[in-house]
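Have a look at the structure below before the remarks.
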Amino acid sequence: MRFVWRTASPALLRDVGLVCLADAIVAVSFGATCVGSGLAWWVPVALSVLVFAGGAQIAAVGVVLAGGSPVAAVLAGAVLNTRLLPYGFAVADVVGPVNPGATQVGAIATVRRWLARLLGTHVITDESVAFTLRQDSAERRRSAFWACGVALFVLWNVSVLLGVALGSAMRDTNAFGLDATFPAVMLALALPTLTSRPTRLAAGTGAVIAVALTPVLPAGLPLLAALGGLATRWGGWRGLLGRRSRPGPAGDGGAVTDTSEVPVGGGR
Amino acid sequence: MMPMTAIVALAVVTYGLRLTGPLLRGRVTVPAAAERLFADAATVLLIALAATSALTAGHGFAGWARPAGVLVAGVLAARRAPFPVVVLAAAGVTALFRLAGVS
């Protein structure tokens, strides 16, 4: 990790710190709301360590707290996390070992390289990808990815633990309005992605479908029914394919070319 | 109820989605159309989840305090307020409404 702190600029570390602070507030709220709503303490903790994707964690718990089945919760979380697939392609070049300059041969070095790659894979998030794509050199990309990824992982999990402790101590988390932070986070994450008219139409239709079906369908299903809003996109698909395809250099982070679509400051 | 098996299932799916890119690097690229579909599906889910969790509790209306807090947070987010401000505003406004006796 020494490599990271040596090459990361003070400005980068400051920005990473600010994003970590924002996510820490969300994490505390997440932990407190979970236990405040009657879930076991290990549910938010296990989700944060093993899944480590805030939007999906909050979505899965949201489905369960609304009375939905665990299967619906996993589905909702998985669909939200499909964005990690293009992210993985975008940052594939920096997910490897922290210090590629010291190339060593031999079995131990190979195992080390793979361990670093597998660890790095786990800290691919909205935030670490956004910071990585903003850098101009390969070395800076790498240090930005690792600085943000590792700092966020540590802070996110410590904050969830803190939230669990706070939530257990509070008599009524609703009195503090913590139940409003879940939908607020979802909204703040989604707003920057509502850039085109077809997307807005699909999202609006989906929201109306979900809210309208909530009184009549078992919990969890209205959310999946909301994906029907995507049907409004069919007409615009051909034009979208023709106009929107941007040439990106293959293997050079071409999967995600528009960094403005990566929401910063939430999503853990 | 959130059983450990469900958490592990979501963790495995999530890790698989993360690992595909680093594993297939340089050999495969995600088609732009598929990428946009994934992105839109996530947006639709986020907005639908925001709407249902802001407006409903169980099968009924959640009351006015929660949607009020989320609305203020949404306006702040649209005006590019810092993320901590957005989150604290949602909780603060909702808590104030409840303090005033509006559930």
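Here are the numbers:
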read-out: Expected 222 nm ellipticity per residue - DSSP helices of 4 or more, -39500 (n - 2.57), all of the protein assembly as shown, to 500; value: -21000 deg cm²/dmol
read-out: Estimated D of the range A:132-244 in µm² per second, where Rh is the Kirkwood radius over Cα pairs and Stokes-Einstein applies at 10 °C, 1.306 mPa s; value: 87
read-out: Projected label distance in nm at A:VAL71 and A:ARG134, using a 7 Å step from Cα toward the beta-carbon; value: 4.3
read-out: Under-5 Å amide H pairs with B:ALA57, H placed in peptide plane, nonlocal only; value: B:ALA62
read-out: Shielding score for A:108-117, defined as the mean number of other chain Cβ atoms within 10 Å; value: 0
read-out: Rg/Rg_ref, the protein assembly as shown, where Rg_ref = 2.2 N^0.38 Å and atoms are Cα; value: 0.96
read-out: Inter-label distance for B:SER103 and A:ARG197, nm, one decimal - labels placed 7 Å from Cα along Cα-to-Cβ; value: 4.4
read-out: Averaged over B:78-86, number of beta-carbon atoms from partner chains that fall within 10 Å; value: 6
read-out: Per principal axis, descending, Cα span of chain B in whole Å; value: 59, 37, 23
read-out: Average beta-carbon neighbours from other chains, 10 Å sphere, peptide A:203-216; value: 5
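Throughout, read-outs are computed from the coordinates displayed, never taken from laboratory work. In this text, all values refer to a predicted model and were calculated from it rather than measured experimentally. Cβ coordinates were reconstructed from backbone atoms using ideal geometry, including for glycine residues, and neighbour counts include every protein chain displayed.
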